[in-house]
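Accompanying notes for the structure given below.
FYI, it's all coordinate maths here, none of it is from the lab. Keep in mind that what you see is a predicted model, and the values were worked out from it rather than measured. Note: ideal-geometry Cβ built from the backbone for every residue, glycine included; neighbour counts use all protein chains shown.
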Amino acid sequence: MVQRCQELAIDVSGIDSNAPDNAISKRADIRDREIADLIPEGATVVHLAAISRDPDCRSDPKGAFDINVTGTLNVALAAQKRHASQLIFASSEWVYGDVSNDEVQREDSSVDVTSMTSEYALSKIVAEQLLKLSFSSLAVTVLRFGIVYGPRPSNWSAVEHLFEAVRTKDEVTVGALATARRFIHVNDIVSGILASRGRTGFEVFNLSGDRPVTLGEVIEESRRLLGREVLITEKAPNQPSVRNPDNSKARAQLGWKPEIDLEAGLTDLNNYLSKD
């Protein structure tokens, strides 16, 4: 995000609990009451911070809700105090809960929180609703990310895990090859965030790939790109899981669309991993 803003000559400053203090980023916790002092007057605030791994949220739900919900409210209060032009909140397709394979998830789809099985998803939908109810004077844009992949050292999605398995192993094991997600490259996420600048009121958009991509497709494209043959084992071939968050609203209203297909995304990932 920072890199893209710099390329576009957009002034950017960041807050991160792990970053060293420098000209761009300041070390702070989003729960700190003083973070308003680190936000430029009238800025667009992009809130990406969260405990995002389900195992981490499950092992410490109190900590997860403290950061994902209370921290989000603190960011919104700080944005309000600094007269931010907009708060862009990174949410997730997981707020739609457990869905059937033939469903399409749209921004106006009803969400049944009583059936949710993910603490992370629950924390995100609660934060969304609180932003909607408690900050009517602040322009809030909620972006529900699809499954993000791209060059990074850890916290991988299925795409990075499968590509690395094809790259380094002779056998790849999956639940079901037909399991599918609307995977989206991180660069397309960044483009979607930038496209959402300038929105008013409270709005929700899905940022996802253009179609569900199966794990079988990820493996096959990885094999083709790497020129490798691997043994594939399915543990539950008759139990695929398909999630299908539609991106039509973002395409129509933000003028945004994903530009990086699976081949280009895996090529980018390969270039990153090959540097090691």
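With an a/c value of 1.5 or above and a/b larger than b/c for the gyration tensor axes a ≥ b ≥ c computed over the alpha-carbon atoms, region 1-145 is described as prolate. The longest part of the chain holding none of the exposed loop GluC sites (Glu not before Pro), meaning those outside H, G, I, E and B in DSSP with at most 15 other Cβ atoms within 10 Å, is 104-228. Contact order for the chain, expressed relative to its length and based on alpha carbon pairs under 8 Å spaced 6+ residues apart, stands at 18 percent. The helix-based estimate of mean residue ellipticity at 222 nm for the chain, built from -39,500 (n - 2.57) per DSSP H run of four or more residues and divided by its residue count, is -10000 deg cm²/dmol to the nearest 500.
Identify which of Ile125, Ile88, Ile24 has the largest mean-square fluctuation in a Gaussian network model of the chain, with springs joining Cα atoms closer than 10 Å. Per the Cα network of the chain with a 10 Å cutoff, Ile24 tops the list. From least to most packed, judged by other beta carbons within 10 angstrom and beginning with the fewest, Val99, Val75, Val113 follow the order Val113, Val99, Val75.
Here region 160-195 and region 215-258 have alpha carbon centers that stand 7 Å from each other.
Given the choices (1) 57, 43, 39; (2) 72, 36, 31; (3) 55, 41, 32, Cα extents along the principal axes in Å derived from the coordinates of this structure is entry (1). Residues of region 145-175 with backbone nitrogen within less than 20 Å of a virtual label 7 Å along the Cα-to-Cβ line of Leu231, please, listed as ranges. Only 162-175 fall inside the zone, counting backbone N under 20 Å. A simple spin-label model places the labels of Ser100 and Arg211 2.3 nm from each other, with each point 7 Å out along Cα-to-Cβ. Taking label points 7 Å from Cα along the Cα-to-Cβ direction, Lys81 and Ala264 give a separation of 4.2 nm.
Which loop-located trypsin sites (Lys or Arg not before Pro) does region 135-211 contain, where loop means any DSSP state but H, G, I, E or B and the Cβ has at most 14 other Cβ atoms within 10 Å? Within region 135-211, the qualifying trypsin sites (Lys or Arg not before Pro) (loop, at most 14 other Cβ atoms within 10 Å) are Lys169, Arg197. Bridging of Lys257 to lysines at a Cα separation below 28 Å is possible for Lys124, Lys132, Lys249, once same-chain residues fewer than 8 apart are set aside. Here the calculated FRET efficiency for Asp56 and Glu164, from their Cβ-Cβ distance with R0 = 25 Å, stands at 0.70, rounded to the nearest 0.05.
Straight-line cross-link partners of Lys235 among the aspartates and glutamates, defined as a Cα under 20 Å from its Cα and at least 8 positions apart when in the same chain: Glu160, Glu164, Asp170, Glu171, Glu217, Glu220.
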